[in-house]
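As structure tokens, the structure follows; a few thoughts come after it.
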Amino acid sequence: MLRNKNTTLGEYIIENQSSFQYSSGELSKLINAIRLAAKVVNYEVNKAGLVDILGDAGDTNIQGEDQQKLDVLANQKFIQTLKNREIVCGIASEEEDHFIAINSSDQQHQNKYVVLIDPLDGSSNIDVNVSVGTIFSIYRRVTPIGTPVAMEDFLQPGRNQVAAGYIIYGTSTMLVYTTGDGVNGFTLNPAIGTFYLSHPNMQFPERGNIYSVNEGNYNHFPQGVKNYIKYCQKEEEDRPYTSRYIGSLVSDFHRNMIKGGIYIYPKSSTASNGKLRLLYECNPMAFIAEQAQGKASDGFGPILDIKPEELHQRVPFFCGSKKMVEKAEEFMAHQA
Ligand code: AHM
Ligand code: MG
């Protein structure tokens, strides 16, 4: 198995194809398509400051939020790339009200994977030149191959994911993903448009000293979260912890995975299930976290065990270094 820093993502995908449980090559093609779309979106994100594509596109997505132009563009690029290559049977996107069935009329259509995607997460950061990301999640369909995809193909517990990953458009652009055999990070060399294996076998430190939460909402948080925040701030043992919150899930998660930390987006008195979406944000990040020896919870139990009920469902999210998430769960168990 290739594991050195000269390894390109393309080589890594080919090399690891045979070790994958269902190695028909379809998943490899799919990851390749995401790699390609990532490069296109990276190009668009990087030139965002240069051309007049900033600002709202004028549309509002199903969550009632304004879409910015780059969200729309990233959404189009990912969907187009996956459609053109005819490698998935369905796509669901945070920016689309309904899932998209691909080639549903073609009975010869043998593709077995569905992709769920948040094409540009943290998009409120675009116009201030702060890192944003793309999050993706891949499942095998549960309905018969050759038939049109159905809602149940998308509403699977996160535990069923066969792959998940994110692209971070940061000081450098990275693609980080797992196929259920650990987590690997690849950094884009923009001069030649190639991703290199820069971060093999990424793992959350068991505990860290960073907590990431939007403390502006403190008064609305459940008592358990308030108590945990006070615990993080207390001068005792290795505390107080450092507070770091970018407001871009991918970036906050990425930093915490490297340095050790916890990210929390709890429910509040103004948002009964928090803000983040189970299918497009929490499940893929939870799968990556578990594969990186971290933990992801809704405050009470594993995110990956939740049975989704709708495409755009939201869920409270506690994710990061294992011991830190366990401590937050303890506080929640005492005073939710
Ligand atoms: P988005 O999908 O509309 O970009 O929202 C998700 C983002 C996350 O990346 C980030 O962690 C969170 O929203 C920040 O929310 P808030 O500004 O409420 O703290
Ligand atoms: Mg998002």
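Some notes on this structure:
- Built amide H within the under 5 Å cut-off of I117, gap 5+: A92, S93, E94
- When R35, R207 are compared by accessible area of protein heavy atoms, the largest-first order is R207, R35, using a 1.4 Å probe.
- Accessible carbon and sulfur surface of the chain relative to its total accessible area, %, 1.4 Å: 45
- GluC sites (Glu not before Pro) within the range 283-333, DSSP loop, no more than 15 other Cβ atoms inside 10 Å: E309, E310
- Applying a DSSP loop filter and a limit of 10 other Cβ atoms within 10 Å to the GluC sites (Glu not before Pro) in the range 214-247 leaves E235, E236, E237.
- Note, ³J(HN,Hα) from phi for the range 143-159, Karplus 6.51, -1.76, 1.60, rounded to Hz, x at Gly and Pro: 7, x, 4, x, 9, x, 5, 10, 3, 5, 5, 9, 8, 9, x, x, 4
- Among M324, M285, M151, residue whose mean-square fluctuation peaks in a GNM of the chain (springs only between Cα atoms under 10 Å): M151
- Residue with peak Gaussian network fluctuation, the chain [Cα springs, cutoff 10 Å], from A38, A48, A289: A48
- Relative contact order (percent, whole number), the chain, Cα cutoff 8 Å, 6+ residue spacing: 16
- For the residue pairs K83/K322; K112/K307; K47/K77; K234/K259; K275/K327; K230/K322, the alpha carbons lie more than 26 Å apart in K83/K322.
- Derived scalar couplings ³J(HN,Hα) [the range 270-284; Karplus, 6.51 cos²θ - 1.76 cosθ + 1.60; whole Hz; x for Gly, Pro]: 9, 9, 5, 10, x, 10, 6, 8, 4, 7, 9, 10, 6, 4, x
- Globularity ratio of the chain, using Cα Rg and 2.2 N^0.38 Å: 0.96
- Ranked order, T143, T242 - accessible area, probe 1.4 Å, largest first: T242, T143
- The range 175-284, Cα convex hull volume normalised per residue, Å³: 136
- Alpha-carbon centroid distance for the pair the range 186-260 / the range 314-336, whole angstrom: 14
- Heavy-atom surface of the range 210-333, accessible at 1.4 Å and reported per residue (Å²): 39
- Karplus 3J(HN,Hα) series, Hz, for the range 4-12 with 6.51 cos²θ - 1.76 cosθ + 1.60 (x for Gly, Pro): 10, 6, 8, 5, 8, 4, x, 5, 4
- Most fluctuating residue given options V128, V114, V162, as computed from a GNM of the chain linking Cα atoms under 10 Å: V128
The values are calculated or read from the model by the stated rules, or taken from the named source; none is laboratory data. This structure is a prediction, so every number in the text was calculated from the model and none was measured. Reconstructed Cβ throughout: ideal geometry from the backbone, glycine too, with neighbour counts over all protein chains shown. Heavy atoms of the whole protein, side chains included, go into the accessibility calculation; ligands, DNA and RNA do not. Shrake-Rupley method; radii C 1.70, N 1.55, O 1.52, S 1.80 Å.
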